[in-house]
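The values are calculated or read from the model by the stated rules, or taken from the named source; none is laboratory data. Keep in mind it's a predicted model, so treat the numbers as computed, not measured. Glycine gets a Cβ as well: all are built from the backbone with ideal geometry, and neighbour counts include every protein chain shown.
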Amino acid sequence: MAAHTLSTPATTPPGISPQNWKHTNHFFTAQNMLKTQSHTLQSPWLGCTSRISVHSSNLRPFIQRHRPIKATVIFSLPTSNPERVASAEKVPKWSAKAIKSFAMSELEARKLKYPTTGTAALLMGILIEGTNFASKFLRANGITLSKVREETVKLLGKADMYFFSPEHPPLTEDAQRALDWAVDEKLKSGDDREVTTAHLLLGVWSQDESPGHKILAAFGFNDEKAQELKSVISEPGFIDD
């Protein structure tokens, strides 16, 4: 409830001693805490024909209703076998959209209150980023974020509502293998282009027993679609856009 105060000219109303009025007036005019509004009111009940200003302040503190989710920006994706690359010059770089998709995957895992980031979360991250080629390919084949999220909950179940995921939910084994597959596939190609979200999507598909693979298959994604995607990203000049 907003608090209201009254301030008047120095005229003392009848029936109130100057000493008491001074104390009361001091109590009601703590203007350092209140904000004056633009309107004024007549005050016939004070026994005089003066005008009074109305001061109000909403003293109720702001209460944050939702627990904030904090995300840290990363610039590379984890690998389980860094020794497979002979030198730093040969390490393929992830595209900016792939890195953002991975960050969205972690965030989605946290929103669903899962303790880990799995292949299903990787799929959702690709779709949440939304501007990359893999997400457009999925949507063109009828695979949308809402469908994948719903199927994920069906497959993995709902998490405990009181559980809070870590800031960076660790990768499941099949999700880590999907990332490694994407890097290995890029190394095999021999070109120096970036690892894209399409490579990440194909990495998820490569894990036959993973939730991500099962979700893709449930919506009609198959080896023919995977080969079609692989052919597109193998073309010279392909951009993850």
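Of note:
- Lone qualifier among 190, 237, 220, 203 - being small (Gly, Ala, Ser) and under 14 Å from residue 134 (Cβ atoms): 203
- Residues that are closer than 27 Å to residue 154 by Cα, of a type in the set (Asp, Glu) and in a helix (DSSP H, G or I) do not occur anywhere in region 201-216.
- Among the conditions (1) in a helix (DSSP H, G or I); (2) within 23 Å of the chain's Cα centre (by Cα); (3) over 19 Å from residue 121 (Cα atoms), residue 175 misses just one, which is (3).
- Extreme residue, modelled with the lowest pLDDT, among residues of region 117-158 that are under 23 Å from residue 173 (Cα atoms) and loosely packed, with under 15 Cβ neighbours inside 10 Å: 158
- Leading residue by the ranking (farthest from residue 194 (Cα to Cα)) among those in region 85-106 that are within 17 Å of the chain's Cα centre (by Cα) and surrounded by fewer than 22 Cβ atoms within 10 Å (Cβ to Cβ): 104
- Filter result for residue 184 (surrounded by 14 or more Cβ atoms within 10 Å (Cβ to Cβ) and among the charged types (D, E, K, R)): yes
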